[in-house]
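Here the structure comes first, spelled out in structure tokens, and everything after it is commentary.
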Amino acid sequence: MAPTQEFPIRYGVSRPLLSVLGAGPRFSGVTVDGDTLRVRMGWMFKAEVPLSSITGVKPHKGFVGGIGVHGGRGWWLVNGGIKGIVDITIDPPASARVLGVRARLKKLQVGVESPEELMAVLSGSRR
């Protein structure tokens, strides 16, 4: 079994505000543990995705439309800054909790400190 790998959420100038709101680095992160991808941003977002459900991983290209937790209709953006965003496609959809409410997760965009490493781990898990 592979060791647990942790990837901190990347924060920008919004770090103090998100920290005060309970979504700062102390309560947030991305973890690949065994056969599961876990993503958490404080009380705002929590998801567990089976690695076998990840069908695509790529760097995000283009505009980032917000900081924090945003989305709907199966698409969610979880970030603390505008850089280091990884696009993850999930099929079958996974379940997430957004502000405590259950949500469907088909596409996840997550901003991490080391996007290349996360993409390598997730791409390797699909082999």
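The values are calculated or read from the model by the stated rules, or taken from the named source; none is laboratory data. As the structure is a prediction and not an experimental result, all values here were calculated from the model. Reconstructed Cβ throughout: ideal geometry from the backbone, glycine too, with neighbour counts over all protein chains shown. Surface accessibility is based on the protein's heavy atoms, side chains included, excluding ligands, DNA and RNA. Shrake-Rupley method; radii C 1.70, N 1.55, O 1.52, S 1.80 Å.
Between the amide H of residue 12 and those of 81, distances stay under 5 Å, these residues lying 5 or more places away or on another chain, with hydrogens modeled in the peptide plane. Label-to-label distance for residue 31 and residue 43 is 2.0 nm, based on points extended 7 Å past Cα in the beta-carbon direction. Were the residues from residue 123 through residue 73 laid out at 0.36 nm apart, the gain over their Cα-Cα distance would be 15.5 nm. Within the full protein context, the accessible area of residue 119 is estimated at about 30 Å² for a probe radius of 1.4 Å.
Here segment 1-78 exposes an accessible surface that is 57 percent carbon and sulfur, computed with a 1.4 Å probe and the other protein chains kept in place.
Residues whose amide H comes within less than 5 Å of that of residue 37, counting only those at least five positions distant or on another chain, are 49, 51 (H built at 1.01 Å from N in the peptide plane). Label 7 Å along Cα→Cβ of residue 114; segment 1-35 residues with amide nitrogen under 14 Å? Zone members listed by number: 3-10, 30-32. Remark: the chain carries 55 Å² of accessible area per residue (probe radius 1.4 Å; ligands, DNA and RNA excluded). Can you classify segment 1-122 as rounded, prolate or oblate using the Cα gyration tensor, where a ≥ b ≥ c are the square roots of its eigenvalues, rounded means a/c under 1.5, and otherwise it's prolate if a/b beats b/c and oblate if not? Rounded. Selection among 50, 68, 121 by position relative to the dipole of the chain gives 68 as farthest towards the positive end (Cβ unit charges, Cα centre).
Okay, which of segment 30-45 sit inside 18 Å, backbone N to the point 7 Å along the Cα-Cβ direction of residue 91? Of the residues in segment 30-45, none has backbone N under 18 Å from the label point off residue 91.
Taking every protein chain into account, the 1.4 Å probe leaves residue 91 with about 100 Å² of accessible area, to the nearest ten.
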